[in-house]
Amino acid sequence: MESCSKSARESSSPFDFLIFDLDDTLYSSKTGIGEALKKNIDDFLVERCGFAPEKTTTLRVELFKTYGSSLAGLRALGYDIDADDYHSVVHGRLPYHLIKPDPQLRNLLRSTTQRKIIFTNSDRTHAMKALKRLGLEDCFDQIVCFETMNPNLAESARPDEFPVVLKPSPEAMRIALRETSVDPRRTLFLDDNVLNIAAGKAVGLHTVLVGKTVKTKEADYALQTVNDLPNVVPGIWVNPIHGSAGDDQIINATRSGEIDSILTPVGA
Ligand SMILES: [Mg+2]
């Protein structure tokens, strides 16, 4: 009775893959990270681009609405912004200590047998730092991030030669599916952004809108927090054979009482 991982893939759960957004999906940025992020973007617009401080908030909002991020907008408008420099200011200066370990979420993730993937518009350094702060750095099989979607940016001759690719663009979804080789019909995609959820549904993913109690048209499920997952999508835990190897918190959660135990923080 040794071939556990193969058997797990053949379990009767409708999902073989779980794709998670990072920011505001695996943790809330309302603890101060979100405000710090906005300030860092405003500072970047002043320090690196020379905008007047009183103009930055309006500009940041406009760039986000029109282009999906300030970096994407600035480059589309012809500003020769280096992505690594942008991220070093916008993410590098974040107060990461505000992101607290989430042992309940760790326990939940480690109790699943599915292949787990992070799909974030953020850069890899930020993703790694945030996951480490959350205590989740070893809970995922793959990270699809800014660098995955924009491999040629540094080689561009002009800032607008390669448009910045981010969720929810169809190109971003195409890259994510290609890089992860998931079968969308067997994949659950969790994200806090309604546009990203719509983009996920458009490529055939099953979708979970995080941070909301009411579903949008393209969301199959809605969760107030990711830790509600066992209650809202118990099918993830149907007949798992084994959890990820090497964790003493593995739970064969085929009974509701065992799902309840996933909801109890480790060491609480
Ligand atoms: Mg997000």
field: THR57 more than 22 Å from ASN196 (Cα to Cα), at pLDDT below 95, open to solvent by 50 Å² or more (accessible area, probe 1.4 Å) and among the polar types (S, T, N, Q)
entry: no
query: closer than 29 Å to LEU205 by Cα and hydrophobic (A, V, I, L, M, F, W, C) - does that describe any residue in region 89-97?
result: no
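Take LEU77 and decide whether it is open to solvent by less than 60 Å² (accessible area, probe 1.4 Å) and either of a type outside the set (Phe, Trp, Tyr) or farther than 30 Å from ILE236 by Cα (or both). So that I can check it myself, show each step before the final result.
Numbers: open to solvent by less than 60 Å² (accessible area, probe 1.4 Å): no; either of a type outside the set (Phe, Trp, Tyr) or farther than 30 Å from ILE236 by Cα (or both): yes.
So LEU77 fails the test.
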field: Scan of region 94-124 for residues that are open to solvent by less than 20 Å² (accessible area, probe 1.4 Å), touching a Ser or Thr at 6+ places or on another chain (Cβ under 8 Å) and more than 26 Å from PRO14 (Cβ to Cβ), ordered by number
entry: ILE99
- prompt: For region 70-99, which residues satisfy the criterion of being in contact with a helix residue (DSSP H, G or I) (Cβ under 7 Å, 6 or more places away or on another chain) and outside any helix (DSSP H, G or I)?
  reply: ILE81, HIS91, ARG93, LEU94, PRO95, ILE99
message: Give me the residue from region 12-36 that is closer than 19 Å to MET173 by Cβ and either in contact with a His (Cβ under 9 Å, 6 or more places away or on another chain) or assigned to a helix (DSSP H, G or I) (or both) and, out of that set, farthest from the ligand (Cβ to nearest atom).
response: PHE15
- prompt: Residue check, ALA127 against (1) within 16 Å of the ligand (Cβ to nearest atom); (2) open to solvent by 40 Å² or more (accessible area, probe 1.4 Å), all met but one. Which one?
  reply: (2)
message: Tally up the residues in region 132-142 that are open to solvent by 10 Å² or more (accessible area, probe 1.4 Å) and either touching a Leu at 6+ places or on another chain (Cβ under 8 Å) or at positive phi (or both), please.
response: 3
- prompt: In region 162-201, which residue that is in contact with a helix residue (DSSP H, G or I) (Cβ under 9 Å, 6 or more places away or on another chain) and within 18 Å of VAL233 (Cα to Cα) is most open to solvent (accessible area, probe 1.4 Å)?
  reply: PRO184
message: Among the residues of region 214-238, what is the count of those that are within 18 Å of SER29 (Cα to Cα) and of a type in the set (Ser, Thr, Tyr)?
response: 1
- line: Going through (1) over 30 Å from ASN231 (Cβ atoms); (2) within 16 Å of the ligand (Cβ to nearest atom) one by one, ASN121 fails only at (1)
In region 145-157, residue surrounded by the fewest Cβ atoms within 10 Å (Cβ to Cβ) [restricted to those that are outside any helix (DSSP H, G or I) and without any contact (Cβ under 8 Å) to a residue 40 or more places away in the chain]: ALA157
- prompt: For region 179-223, which strands (runs of 3 or more DSSP E) that fit wholly inside it have 1 or more residues that are away from the ligand (no atom under 12 Å from the Cβ) and without any contact (Cβ under 8 Å) to a residue 24 or more places away in the chain?
  reply: 206-210, 221-223
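The values are calculated or read from the model by the stated rules, or taken from the named source; none is laboratory data. Quick caveat, the model's predicted, so the values are computed rather than measured. Please note: Cβ atoms are built from the backbone with ideal geometry, for glycine as well, and neighbour counts cover all protein chains shown. Side chains are part of the model used for accessible areas, which takes the heavy atoms of the whole protein and leaves out ligands, DNA and RNA. Shrake-Rupley method; radii C 1.70, N 1.55, O 1.52, S 1.80 Å.
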